[in-house]
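The values are calculated or read from the model by the stated rules, or taken from the named source; none is laboratory data. Since we're looking at a predicted model, the values are computed, not measured. Cβ: placed from backbone, ideal geometry, glycine included. Neighbour counts: every protein chain shown.
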Ligand code: ATP
Ligand code: MG
């Protein structure tokens, strides 16, 4: 779990502002849910034999003996809230969220125990057009961040539950006959969650899978036409994608469309965004059957990518314009009042006051990186005069009124 230090928060804010601009242009509304939920919520939605449920959740009992978990992902909470507040039945809803998620993982670059996700969910729409919309929304974000070229869209269809069940049987039959060639993890999964074997990272398992039955051949007609309608929209919109028949995703709740945005620039943690359709979840959690589709992205991985590609704006750490200091004794009060007056008159101007005595004022002002330095002093008549500095030189003496006029003009 990481601290995000002041020098790094501007990049986070930049990413989040870009995301907010994009979701606003697609008319998604923000939802905020608690970080703590009942363990049961995640057991029922994510699937008992997934990595998250088996080994990654932070669980505890509260003083009342209720079994709670720090949320490992956002979707289950949003479905719960949607059911609880009557947002889903016979309605369409487009929502976005942002916040920390918790998973007990082996920490490494791009993989942490507390990490930030931002994501969207769209409820009540079962067509391929809304699948396309959430994908196009992600494309719009990549474009606005300048990283579209570094990302690949991987796409697959998981079909209906019945089709997946048929396929599961065929896969288990095929792999059971070759069990001794599987890696240890996959051997276990053969019993618990055989579809996950498809995204095993083991070379020998991947080689074995080359001849395994393919999910594509088991897709039901509905899922097939849904998938071709989706690819037709993406083609027309000029979005390129790779169909990856082995893409199954780590959470159990998906059906039909699944997708991931991946990059080869971040090493092993190459998936920056992942999502798909989960038509069964609302009913599974006690609501009326409601189709749904969404995605989540990891902010840490995206920020690593923005840094690696050098696409963060240069002035991102710029947090103030004007350094204001008093050079004579007894002017502290005057300085505070002047700064307040300037802030009220010129809201866009970012001002830092020197609240650190009379020593080394100029050095500190220069080190601060401020564009403009103003020193305030007393003139011969005891009035207040401000001096503008550029580099090592005082360049101009101004009355307070002249100073305000000059700074206002610079912020027009
Ligand atoms: P992975 O295969 O990398 O473990 P996942 O399938 O578990 O990912 P999801 O649950 O789909 O991931 O979460 C969506 C996104 O959230 C991921 O694509 C990734 O960008 C990010 N993410 C997931 N787990 C972590 C983590 N532990 N640390 C940082 N980011 C993460
Ligand atoms: Mg994971």
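Quick notes
- If the condition is being closer than 25 Å to residue 225 by Cβ, under 23 Å from the mean Cα position of the chain (by Cα) and away from ligand 1 (no atom under 13 Å from the Cβ), then the range 256-278 contributes 257, 277.
- Listed conditions (1) crowded, with 18+ Cβ neighbours inside 10 Å; (2) in contact (Cβ under 8 Å) with a residue 60 or more places away in the chain; (3) away from ligand 2 (no atom under 16 Å from the Cβ); (4) closer than 13 Å to residue 32 by Cα are all met by residue 99, apart from (1).
- The range 32-53 residues that are on the phi > 0 side of the Ramachandran plot, paired with ones that are within 16 Å of ligand 2 (Cβ to nearest atom) and outside any loop (DSSP other than H, G, I, E, B) (beta carbon under 9 Å, 6 or more apart): 47/53
- Residue within the range 268-280 that is buried (at least 19 other Cβ atoms within 10 Å of the Cβ) and at pLDDT below 95 present: yes
- Selection count, the range 220-259, where residues are in contact with a strand residue (DSSP E or B) (Cβ under 6 Å, 6 or more places away or on another chain), buried (at least 19 other Cβ atoms within 10 Å of the Cβ) and assigned to a loop (DSSP other than H, G, I, E, B): 3
Matching residues to (1) crowded, with 21+ Cβ neighbours inside 10 Å; (2) more than 16 Å from ligand 1 (Cβ to nearest atom); (3) at pLDDT below 95; (4) farther than 30 Å from residue 266 by Cα:
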{"site": "89", "(1), (2), (3), (4)": "no, yes, yes, yes"}
{"site": "103", "(1), (2), (3), (4)": "no, no, no, no"}
{"site": "107", "(1), (2), (3), (4)": "no, no, no, no"}
{"site": "115", "(1), (2), (3), (4)": "no, no, no, no"}
{"site": "119", "(1), (2), (3), (4)": "yes, no, no, no"}
{"site": "129", "(1), (2), (3), (4)": "no, yes, no, yes"}
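- Residue 94, sole failed condition from (1) in a strand (DSSP E or B); (2) touching a helix residue (DSSP H, G or I) at 6+ places or on another chain (Cβ under 9 Å); (3) within 16 Å of ligand 1 (Cβ to nearest atom): (3)
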